[in-house]
Amino acid sequence: MPSRALEVLASPGTESTRTRGRGGIEVSAVGFGCRVIGGEWQDSAGQPLGRGRGDDEESVRAVRRALDLGVTFFDTADEGGTSLLERS
């Protein structure tokens, strides 16, 4: 189940967006961390890296719920982990 923080976007009277960067892009005030989406990854010697295998169906449900609630900022930074997201 997605974090309670996502429900903030649906709360009346809550500022739901922020303007970022020189280009003035507008993103949701609440971001979605994608660190564990994508599953396990191994180094060249076959040693596991990252957090291990995730549940793909649960990940899809969580992303869809975030989108339904208006999330437009998805954090896929490669510094946070070593999942498949960082390989693309």
Scan around Phe73 for amide H atoms under 5 Å from its own, H built in the peptide plane at 1.01 Å from N, and keep only partners 5 or more places away or cross-chain. Ser28, Phe32
5 Å is the cut-off here: which amide hydrogens, built 1.01 Å from N in the peptide plane, fall below it relative to Trp41, excluding neighbours closer than 5 in sequence? Leu49, Gly52
HN-Hα couplings for segment 28-37 via Karplus (6.51, -1.76, 1.60; θ = phi - 60°), in whole Hz with x for Gly/Pro, come out as 5, 5, 9, x, 10, x, 9, 3, 8, 6
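Since every read-out is calculated from the coordinates, none of them should be taken as a lab result. On a predicted model such as this, the values are computed, not experimentally measured, just so you know.
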